[in-house]
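Notes follow the structure.
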Amino acid sequence: MPKRILHGVVVSDTQSKTVVVKVERRFTHPLFKKTVRRTKNYHAHDENNVFKVGQQVAIEESRPLSKLKRWVVVEDGQVASAATADQENRRTKSPKAKPARQ
């Protein structure tokens, strides 16, 4: 089974060799049909302490490294933000905008 890769923003880097990454997911509510945003924090392994608060990163699933860490940071801002932007572009494209009623 392939390992999952998530994209998010570093929200904490105070721990040694660990960063906390906030990942946002969007989905359509089944009843109200409105787009809902949900965020979750993941503890990820950062071997060299190179990632700082505010950086866009990609994290990959791994074996359990500690009580909370099951993810490893695999890449930094340029690649992660490009992939995230590409996903956003695909989501926001609508077939045709309806003209406003008057």
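Each reported figure results from applying straightforward, stated rules to the coordinates on display, with no laboratory input. Treat the numbers as computed from the prediction; the structure is a model and nothing was measured. So basically every Cβ, Gly included, is an ideal-geometry build from the backbone, and we count neighbours across all protein chains shown.
All conditions but one from (1) within 18 Å of SER66 (Cβ to Cβ); (2) not in a loop (DSSP other than H, G, I, E, B) apply to THR14; the one that does not is (2). Among residues of the stretch 29-51 that are farther than 22 Å from ILE5 by Cβ, those with a Cβ under 8 angstrom from a residue that is among the aromatic types (Phe, Trp, Tyr), sequence gap 6+ or separate chain, pair up as THR35/PHE27; VAL36/PHE27. Residues of the stretch 54-68 that are farther than 10 Å from HIS43 by Cβ and of a type outside the set (A, V, I, L, M, F, W, C): GLY54, GLN55, GLN56, GLU60, GLU61, SER62, ARG63, PRO64.
Filtered by the rule that a residue be over 15 Å from the mean Cα position of the chain (by Cα) and of a type in the set (Val, Ile, Thr), the stretch 37-52 gives a lone residue, VAL50. Taking the stretch 30-49 as the search range and keeping residues that are in contact with a Ser or Thr (Cβ under 8 Å, 6 or more places away or on another chain) and farther than 20 Å from LYS67 by Cα, which one is surrounded by the fewest Cβ atoms within 10 Å (Cβ to Cβ)? Within the stretch 30-49, the match that is surrounded by the fewest Cβ atoms within 10 Å (Cβ to Cβ) is LYS34. Set side by side, the residues ARG4, ARG25 differ, and just one is under 13 Å from the mean Cα position of the chain (by Cα) and without any contact (Cβ under 8 Å) to a residue 24 or more places away in the chain, which is ARG25.
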